[in-house]
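Each remark here refers to the structure printed beneath this line.
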Protein chains: 2
Amino acid sequence: LRTDPLMYQGGAGGMLPARAPMRVLDPTFGLDFEAEVGVVVRATEQGISPSDALDRVALVVLLNDVTYRGLAKDELAKGFGFVQSKPPTAFAPFAVTPDELGSAFRDGRLHRRVRIHRNDALFGDLDAAAEMHFSFGELIAHAARTRPLAAGTIVGSGTISSEGETAGCACIVERRMREQLQHGAASTPYLAVGETVTIDLVDDTGNSVFGALHHEVIA
Amino acid sequence: LRTDPLMYQGGAGGMLPARAPMRVLDPTFGLDFEAEVGVVVRATEQGISPSDALDRVALVVLLNDVTYRGLAKDELAKGFGFVQSKPPTAFAPFAVTPDELGSAFRDGRLHRRVRIHRNDALFGDLDAAAEMHFSFGELIAHAARTRPLAAGTIVGSGTISSEGETAGCACIVERRMREQLQHGAASTPYLAVGETVTIDLVDDTGNSVFGALHHEVIA
């Protein structure tokens, strides 16, 4: 986790629109969201260094890496990565060039707060950079170690995390793990039909940078 | 292996041309080839059945799923699948519609022999269907269990295998594992600079169906 990125390859065939519903499919699948920041790169050569890799960032995006936790455990045990446990990822309406983000995009990280609401309740209010162990430069270089990356390749930060308990979480499973550790059992359920999830990233005046993701949960 | 497909997601950003060189990059990376058959699907709905999935096959392809064995072990242990250990996959020059394959494409498998040469020596001469545990219908349905597949999605069979020792192997690592079992140590090395790999699939008159893959190995 801290010495070598845990990176998986997701499906490139389709994306979930920012306002499209998320599907439960089966209650045992354990539908969860993951708020994270990503970058879209220009053509990137194999073997690039982390510092050069940062220059290949064309756009910054906000995304919801939708996950079926009930399927992820078995796929993790197989070692072959996530296939069924990662349905299409959702992206916020706007992608933003690094220069528009100014000094908020520095050290290969986006220093902005992400606010996640589950229904009307605040679920997390987190700094997207504070616990990002690897910079986007390091993550791009990791992905490009043995191959070039095509222009348009999207590299995600991993779920935004926070060790501070007051800040909340960017995904349900992290909250459940904390409950497990503190109380011996997880009490927060995964998403059910009729709920909503809203993910937004705001600048220092509180304005949305990418537009919000907003999903209803359907069967 | 036999009850649930071991399926990983590969990079979709770029492919290796059929006659392009394969790169060693670092001798410790353990460059290997994997001969396999794949299918390109039309738009496929989430939750499709294996029998309906077979109707979504638009094209059949022959491919070399290039692998760095020296990097695969650590990535397998992480559980997140293959990122650095799977550089771009190479595809044979022609893709073929199922009707052109006639009865050779039946039961969701391609009943044709694949011949692999390492330099001038025959490395494997294998039936692409004989040990394919899951049909392409089952593999497509597995991939589409929680999401639709975009038109153009490529689903691979997995490395062609043969339990018969006389038929050879479709990848170096399988031969090395057999050597390990029989002699206590693997003696066949991974690819080195200057070698060549040729993969071809032939019909019952010995004619190439997809055109051959032919790669020189460079640094």
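The values are calculated or read from the model by the stated rules, or taken from the named source; none is laboratory data. These numbers were taken from a predicted model, which means no experiment stands behind them. Every residue, glycine among them, receives a Cβ derived from its backbone with ideal geometry; neighbour counts consider all protein chains shown. To get the accessible areas, we keep the full protein, side chains included, count just its heavy atoms, and leave off ligands, DNA and RNA. Shrake-Rupley method; radii C 1.70, N 1.55, O 1.52, S 1.80 Å.
Could we say that residue B:65 is under 20 Å from residue A:13 (Cα atoms), buried (at least 19 other Cβ atoms within 10 Å of the Cβ) and touching a residue at least 40 places away in the same chain (Cβ under 8 Å) here? Give the derivation first.
Working: under 20 Å from residue A:13 (Cα atoms): yes; buried (at least 19 other Cβ atoms within 10 Å of the Cβ): yes; touching a residue at least 40 places away in the same chain (Cβ under 8 Å): yes.
Yes, satisfied.
Restricting attention to the stretch A:35-56, and to residues there that are under 25 Å from residue A:125 (Cβ atoms) and of a type in the set (A, V, I, L, M, F, W, C), which single residue is nearest to the other protein chains (Cβ to nearest Cβ)?
A:39
Give the stretch A:16-58 a look and list any residue that's crowded, with 16+ Cβ neighbours inside 10 Å, farther than 20 Å from residue A:97 by Cα, hydrophobic (A, V, I, L, M, F, W, C) and in contact with a strand residue (DSSP E or B) (Cβ under 7 Å, 6 or more places away or on another chain), or say none.
Result: A:16, A:22, A:24, A:29, A:31, A:33.
Output yes when any residue across the stretch B:22-34 is modelled with pLDDT under 95, within 14 Å of chain A (Cβ to nearest Cβ) and within 23 Å of residue A:83 (Cβ to Cβ), and no when none is. Working first, answer last.
So the first thing to find is which residues in the stretch B:22-34 are modelled with pLDDT under 95, and the list is none.
There is no residue in the stretch B:22-34 that is modelled with pLDDT under 95, within 14 Å of chain A (Cβ to nearest Cβ) and within 23 Å of residue A:83 (Cβ to Cβ).
Working carefully through the options B:150, B:129, B:143, find the one that is aliphatic (A, V, I, L, M), under 24 Å from residue B:32 (Cα atoms) and out of contact with any helix residue (DSSP H, G or I) (no Cβ under 7 Å at 6 or more places or on another chain).
Values: B:150 fails: under 24 Å from residue B:32 (Cα atoms); B:143 fails: under 24 Å from residue B:32 (Cα atoms).
Within the list B:150, B:129, B:143, the selection yields B:129.
Sort out which residues of the stretch A:180-214 are of a type outside the set (S, T, N, Q), under 19 Å from residue A:24 (Cα atoms) and in contact with a strand residue (DSSP E or B) (Cβ under 7 Å, 6 or more places away or on another chain), and write them in order of number.
The answer is A:190, A:191, A:192, A:193, A:194, A:195, A:197, A:199, A:213, A:214.
So residue B:96 fits all but one of (1) at the interface with another protein chain (Cβ under 10 Å from one of its Cβ atoms); (2) open to solvent by less than 40 Å² (accessible area, probe 1.4 Å); (3) more than 19 Å from residue B:170 (Cα to Cα); what number is the exception?
Status for residue B:96: all satisfied but (1).
How many residues does the stretch B:1-21 contain that are out of contact with any Phe, Trp or Tyr (no Cβ under 9 Å at 6 or more places or on another chain), polar (S, T, N, Q) and either closer than 18 Å to residue B:154 by Cβ or within 9 Å of another protein chain (Cβ to nearest Cβ) (or both)?
Number of matching residues: 0.
So residue A:84 ticks every box in (1) out of contact with any His (no Cβ under 8 Å at 6 or more places or on another chain); (2) free of Cβ contacts under 8 Å to residues at least 60 places away in the same chain; (3) within 14 Å of another protein chain (Cβ to nearest Cβ); (4) not small (Gly, Ala, Ser) but one. Which box is left unticked?
Going through (1) out of contact with any His (no Cβ under 8 Å at 6 or more places or on another chain); (2) free of Cβ contacts under 8 Å to residues at least 60 places away in the same chain; (3) within 14 Å of another protein chain (Cβ to nearest Cβ); (4) not small (Gly, Ala, Ser) one by one, residue A:84 breaks only (1).
Please go through the stretch A:22-54 and pick out each residue that is over 26 Å from residue B:153 (Cα atoms) and in a helix (DSSP H, G or I).
A:27, A:28, A:50, A:51, A:52, A:53, A:54
Please indicate, with yes or no, whether at least one residue in the stretch B:111-127 is closer than 25 Å to residue A:83 by Cα and surrounded by fewer than 20 Cβ atoms within 10 Å (Cβ to Cβ).
So the first thing to find is which residues in the stretch B:111-127 are closer than 25 Å to residue A:83 by Cα, and the list is none.
Checked against the condition, which is being closer than 25 Å to residue A:83 by Cα and surrounded by fewer than 20 Cβ atoms within 10 Å (Cβ to Cβ), the stretch B:111-127 yields no hits at all.
Looking at (1) closer than 29 Å to residue A:29 by Cβ; (2) more than 14 Å from chain B (Cβ to nearest Cβ); (3) small (Gly, Ala, Ser), which one does residue A:143 not meet, given that it meets all the others?
(2)
Can residue B:167 be described as among the aliphatic types (A, V, I, L, M), closer than 30 Å to residue B:98 by Cβ and at pLDDT below 95?
For residue B:167, the condition - among the aliphatic types (A, V, I, L, M), closer than 30 Å to residue B:98 by Cβ and at pLDDT below 95 - is met.
Which residue, of A:85, A:135, is touching a strand residue (DSSP E or B) at 6+ places or on another chain (Cβ under 8 Å) and more than 29 Å from residue A:29 (Cα to Cα)?
Values: A:85 fails: more than 29 Å from residue A:29 (Cα to Cα).
Answer to the check: A:135.
Kindly list the number of the only condition in (1) crowded, with 18+ Cβ neighbours inside 10 Å; (2) touching a residue at least 60 places away in the same chain (Cβ under 8 Å) that fails for residue B:101.
The failed condition is (1).
From A:95, A:104, A:72, which residue is modelled with pLDDT of 95 or more and touching a His at 6+ places or on another chain (Cβ under 6 Å)?
On the way: A:95 fails: touching a His at 6+ places or on another chain (Cβ under 6 Å); A:72 fails: touching a His at 6+ places or on another chain (Cβ under 6 Å).
Being modelled with pLDDT of 95 or more and touching a His at 6+ places or on another chain (Cβ under 6 Å) holds for just one of A:95, A:104, A:72, which is A:104.
Suppose the filter is modelled with pLDDT under 95 and either touching a strand residue (DSSP E or B) at 6+ places or on another chain (Cβ under 9 Å) or surrounded by fewer than 20 Cβ atoms within 10 Å (Cβ to Cβ) (or both); does residue A:2 pass it?
Details: modelled with pLDDT under 95: yes; either touching a strand residue (DSSP E or B) at 6+ places or on another chain (Cβ under 9 Å) or surrounded by fewer than 20 Cβ atoms within 10 Å (Cβ to Cβ) (or both): yes.
It is true that residue A:2 is modelled with pLDDT under 95 and either touching a strand residue (DSSP E or B) at 6+ places or on another chain (Cβ under 9 Å) or surrounded by fewer than 20 Cβ atoms within 10 Å (Cβ to Cβ) (or both).
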